[in-house]
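The values are calculated or read from the model by the stated rules, or taken from the named source; none is laboratory data. Not measured: the values here are computed from a predicted model. Glycine gets a Cβ as well: all are built from the backbone with ideal geometry, and neighbour counts include every protein chain shown.
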Amino acid sequence: MVRNKVHCYFVVVILYVFGLRMRFHWTKTVIVLVSIVITLLCCVFVSGKNSTRTLLQQWARDRGYEILHKDRRLNYLLNKRPFNWTTSSFQRVYYLELRAETGQLRNAWVRVGGWWGTRWDQIEVRWEDDL
């Protein structure tokens with residue numbers, strides 16, 4: 001009977017010590033994983049922002065326009081006219097002021113990206129003149 005109690009206490013002590021070590025190890029692991037995820041999200045955000053800027057510049061240059069002013073419309077419901085009801089949170093909407101090679105000034109609403117966050121090379125344009 002005593003021997004069983006000793007074994008029982010021994011197992012409890014071993015589990016307690018091992019549990020503390022595992023908790024410490026688990027905490028370290030969680031901290032490292034959270035740090036990696038935050039770093040990756042920051043990298044994706046920065047690269048997405050840079051690629052969107054480059055994509056818009058390339059789009060304007062290919063069509064003979066120069067971007068004078070770019071205003072990103074955030075995901076508020078009525079701030080993305082004419083894309084109010086058809087834009088997902090993965091897409092970016094910009095209001096652009098453009099100058100053509102002829103000197104003509106035009107304004108456009110531009111939506112970048114696909115509905116599910118795919119196809120970042122997809123650009124949809126609605127000209128202010130046509131609205």
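Taking the condition at pLDDT 80 or above and either surrounded by 10 or more Cβ atoms within 10 Å (Cβ to Cβ) or of a type in the set (D, E) (or both), does R81 pass? For R81, the condition - at pLDDT 80 or above and either surrounded by 10 or more Cβ atoms within 10 Å (Cβ to Cβ) or of a type in the set (D, E) (or both) - is not met. Restricting to segment 95-124, name every residue that is over 16 Å from the mean Cα position of the chain (by Cα) and either surrounded by 17 or more Cβ atoms within 10 Å (Cβ to Cβ) or touching a residue at least 60 places away in the same chain (Cβ under 8 Å) (or both). Correct list: Y95, L96, L98, A108, W109, V110, I123.
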